[in-house]
Amino acid sequence: AEIYRIQLPRNMIENSMFEEEPDVVDLAKEPCLHPLEPDEVEYEPRSSRLLVRGLGENEMDEDEEDYESSAKLLGMSFMNRSTGLRNNAAGYRQSSDGSCSVPSLRTMVVCAIVLVIAVSVIMVIYLLPKCTFTKEGCHKKNHTMELIYPLATNGKRFPWAKTRLPSNVVPLHYDLVLQPNLTTTKFAGSVQITVNVIQVTWNIILHSSGLNITKATLTSAGWNQAKPVAVLEYPIRDQIAVVAPDALLVGQNYTLIIDYSSNLSDTYYGFYKVSYKDEHAEKRWLAATQFEPLAARSAFPCFDEPAFKATFLIKIQRDEQHSALSNMPKNITIPVAAGIVQDEFSVSLKMSTYLVAFIVANLKNISKETNRTLVSIYAMPQKLGQVEHALDTAVKLLEFYQKYFHIEYPLQKLDLVAIPDFQAGAMENWGLITFRETTLLFDNKTSSAMDKKLVTAVIAHELAHQWFGNLVTMEWWNDLWLNEGFATFMEYFAMDRTFPELQTDEEFLKVRFKTMMKDSLNASHPISSAVQSSEQIEEMFDALSYIKGASLLLMLKKYIKHDSFQAGIENYLHNHSYGSTRSDDLWDSMNEITNGTLDVKKLMKTWILQKGFPLVTVKRQGKSLHVQQERFLRSVESENWTSDASYLWHIPLSYTTNKCNPFLCPYAYLLDQKSATIELQEEVAWVKFNVDMNGYYIVHYAEDDWNALIDLLKNNLTALSAKDRAHLINNIFSLVGIGKVPLLKAFHLLDYLVKENHTAPISQALFQVNLIYDLVEKRGMQDLAARVVDRVEKLLRSKIDQQTWTDDGTISEREFRSTVLAFACSHHLGNCRTTATKLFEEWKASNGTKSLPTDVMKTVFTTGAKTDDGWEFLLSMYTSSVSEAEKHKMLEALASTEDVRKLIWLMQTSLEGDLIRAQELSHIIATVIQSLPGHLLAWDFVKENWEKLIRKWHTLNLETAYIAQPEMHIFLTPQVKTFFESKSEKVSQLRCVKEAIETIQLNIKWMERNLATLQQWL
Ligand SMILES: [Zn+2]
């Protein structure tokens, strides 16, 4: 999946002790905020959790105070709405602890029973020997497990007590018939699952979530007729147990037939419906699926774990006027009733449940055949003019991957579909990839250089998944990085090879910097971490699995050289096609290639099993380079920075010097100890480690070496690559953050920027300066903030003045222009706003028909939206535009106003999802949060609408992730903490919450350390 360039951290609890997860422990941990369908809320065991845990503390008064203090901070404009807020706050108060259940007499009774059972089980666990829940067990592990079987919804014993499914029965084939009704928004389904029995059993345990099962039977070749079977349900784990009439015998196949019905989801998860306006502005419905990671079970009963691969035969019954798509090509369409037909698709290859997909809609497409595969792009009919770029790109990339992996894409068709309302960036369903419109559609008139990069990148990512993820799948979600890290790595690699003019390697560098900021927090986690619960699984879809995973592969590739790397992954894909893998399988495949010269497994384990990354400190003495490593941790604990001594990485160091032999450069050295000494051939004037930042570590130098590098930048900047220059800027500011380098030295380094003409270093410099600007500005020190900007303006002034307001030049020049002008206009530098205003007025006078340069379009809109007139006009154009690329820029401009009422209106309207689609809300909040009034407002909005947000978005992802953005919450510490603590223990344990709180503390620390310097110096 592609996460819309924003990560979705979720809960992660280190629970190695309870690998077996006895039920009582789970009851106590079950999340209050587990995403529920409304009709799902009444499950008794859920409410029992309240009794187990919630012994009534009332924190709500503190919420009241939060509103007060926010209002004070926002001043008068905020007070205007404070009465409304209070009313909402009262409503919010009622729901905040009621989201788990509305206790009825029945649930109370069940709760009491569960409580008694819970207490007795806790006693039993307490009295058991300590070895009971260790991996090894006490030699009679099964015996203890029997004690803690949970109760099914009908009160009977549920015959399975673990989160993971048993492996005694495995699915071979699914025959699935679905009948979605877009008018009633319900669907009926029937599934026949052929299973094979590995160990004799009386039960088949599988997943089902929110399905109303009406009939279940079981057949076998040996039986003369299908036998009805009882189905027990245990909704806490989305499990059902089919109780067989006879023992199921080893080696035999059985067919389980289940009829059921359910509602189409109104979230973006599962089998869901969305509305959209067609070309005649009429409201229409579309149904689509998003199953990754755990929602296939909400569309049909299934063995919903990635390792349970099977074949699928899918049949969709639909209205005649719609059409249906699925993973495989359509085989035949037959009439089934008046106005209803059934599409039957070909039998799929062996695949995981999370990759199953189907869509019922009225979309149009264009297609092109390559290498016996028909590639099609689908979009709403009025947007068919914007799909050509995607088609060309997809065909080119598909050809590239087939050549690079030496494995053909195995299906006869590949559909890429733009869904008008879609939460993620895209989803790699095998043969039927779904996208948000902005990540697939490209409009020549309104899409910018950056938009082109985005569309190309997302297609490259999803196509890479057709091999990494679909053909070879991670065995379990703990190794999600194998899917996502690889797809992300291949995305940049394939673009670099196929579309070098897009220069996306610098994009990759930028996201690596951001990911390292996150990974240097204490709240970080190893990219391969044990996960069990749905929250833990969803929390794996974060920047670390994607970007850190990809960064580690890049580092490995550079170290073992490209040919070995390519041979290694080819080997891996061949060895495991249609199978499932763990991280070790990848390293084993690589080791077959390195053949004893390097133990890839030993090296890479230090990176995937440890959180964080190393700081390498270099000290030069004559011809000797002393290098030592320690963990780079941004800590709030003490003034004296120390790191945990137990961390040790095997670091493939790379370095270059002024005397570098071009045939040997960059040099490599494997640092697998705490410290080492590297001997150079001769003395050098300077040395730069981590060449092009291909390695995942930060480098600190002795004072003289820093000075030598700073001089080098000032006098001969092309001696280092643009990536190296960006890397030095990033490193020095990171080191300021942990107190290793004084702030003034970092600013001293930035002085070379007068000569810089490249985007990567400039945008890294502006990123660092903006962080400081935000900290100062949001503490109310406007004057000091202005002086920070002045300082940078002096360095960039001539570049700002040189820019033309056009789309001319290479991609790099265009991006440079876009970055510099956006910065200039947002800080009112030079005559930026004058020019932007003039362009906006001309565009407005032409009623939006005059075309604007795409790369500066957003800056023009943002400047124009500063007046009431401009804002209103932009909004009217927003509602009529058919280009998502244009709308995206308009919306960002609308949300950058500082008019509080307009901001509230935007967020509210998007939450309703009619005039502005709900999918845009996260983007709006991310923009609103950037301004001074906006960041408090956005925080209040999220608090007020918490329950709605997490219901609609299923997980605590985008919105809360924005709350956890590093820049913003200098004031808000007590509020953030109190709010999350008031929600539930589970929420306060969320990783994104921990990250937010840690970041806030780090920001405060940063200010304590550097404010005086800034004030004196500027
Ligand atoms: Zn992905």
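Bear in mind these aren't lab numbers, they're just calculated from the coordinates by the rules spelled out. Because the structure is a prediction, the values reported are computed rather than measured. No Cβ is skipped: glycine too gets one built from the backbone with ideal geometry, and neighbour counts run over all protein chains shown.
Please list, ordered by chain and number, the residues whose modelled amide H lies under 5 Å from the amide H of T201; skip anything fewer than 5 residues away on the same chain.
L248
What fraction, in whole percent, of alpha-carbon pairs in the range 450-509 exceed 16 Å separation?
41
Ranked from highest to lowest mean number of other Cβ atoms within 10 Å per residue, what is the order of the peptides 787-794, 506-513? All intermediate terms of the calculation are to be shown ahead of the outcome.
Working: 787-794: 17.1, 506-513: 20.1.
Result, highest mean Cβ count within 10 Å first: 506-513, 787-794.
Can you compute the radius of gyration and Dmax for the range 322-390, using only the Cα atoms, both in Å?
Final numbers for Rg and Dmax: 14.1, 40 Å.
If amide hydrogens are placed 1.01 Å from N in the peptide plane, which non-local residues have theirs closer than 5 Å to the one on H173?
T194, T311
Assign one of three labels to the range 522-675, namely rounded, prolate or oblate, based on the Cα gyration tensor with a ≥ b ≥ c the square roots of its eigenvalues; rounded applies when a/c is under 1.5, prolate when it is not and a/b is larger than b/c, and oblate otherwise.
Note, shape of the range 522-675 comes out oblate.
Grab the alpha carbons of the range 203-311, take their convex hull, and tell me the volume per residue in Å³. Numbers along the way, then the final one.
Working: hull volume 15.7 nm³, N = 109.
Per residue, the Cα convex hull of the range 203-311 comes to 144 Å³.
Considering Cα pairs under 8 angstrom that are at least six residues apart, work out the relative contact order of the range 459-559 and quote it in whole percent. Could you put the intermediate results ahead of the total?
On the way: 103 pairs, mean separation 39.1, N = 101.
It comes to 39 percent, rounded to a whole number.
What number results when the radius of gyration of the range 318-362, computed over Cα atoms, is divided by 2.2 N^0.38 Å?
This ratio for the range 318-362 stands at 1.24.
What is the ratio of the Cα radius of gyration of the range 157-224 to 2.2 N^0.38 Å, where N is its residue count, to two decimals?
1.34
Cβ under 9 Å from I332's Cβ, I332 left aside: what net charge do those residues give with Lys, Arg +1 and Asp, Glu -1?
Charge balance in the 9 Å sphere: -1.
How would the range 591-701 be classified by its alpha-carbon gyration tensor: rounded, prolate or oblate, with rounded meaning a/c under 1.5 and the a/b versus b/c comparison settling the rest?
It comes out oblate by the Cα gyration axes.
Amide H of T581: which non-local residues (sequence gap of 5 or more, or other chain) have their own amide H closer than 5 Å, using H built in the peptide plane?
Result for T581 returns T473, M474, E475.
Step through the table entries K215/K273; K453/K714; K838/K902; K740/K889, compare each Cα-Cα distance with 30 Å, and write down the pairs that go over it.
K453/K714; K740/K889
Within 10 Å, count the other beta carbons around each residue, average over each peptide in 942-949, 354-361, 719-726, and list them highest first.
Most protected by this proxy first, the peptides run 354-361, 719-726, 942-949.
How would the range 539-624 be classified by its alpha-carbon gyration tensor: rounded, prolate or oblate, with rounded meaning a/c under 1.5 and the a/b versus b/c comparison settling the rest?
Taking the square roots of the gyration eigenvalues as a ≥ b ≥ c, the range 539-624 is oblate.
Between E679 and E501, what is the FRET efficiency for a Förster distance of 51 Å, r being their Cβ-Cβ separation, to the nearest 0.05?
0.75
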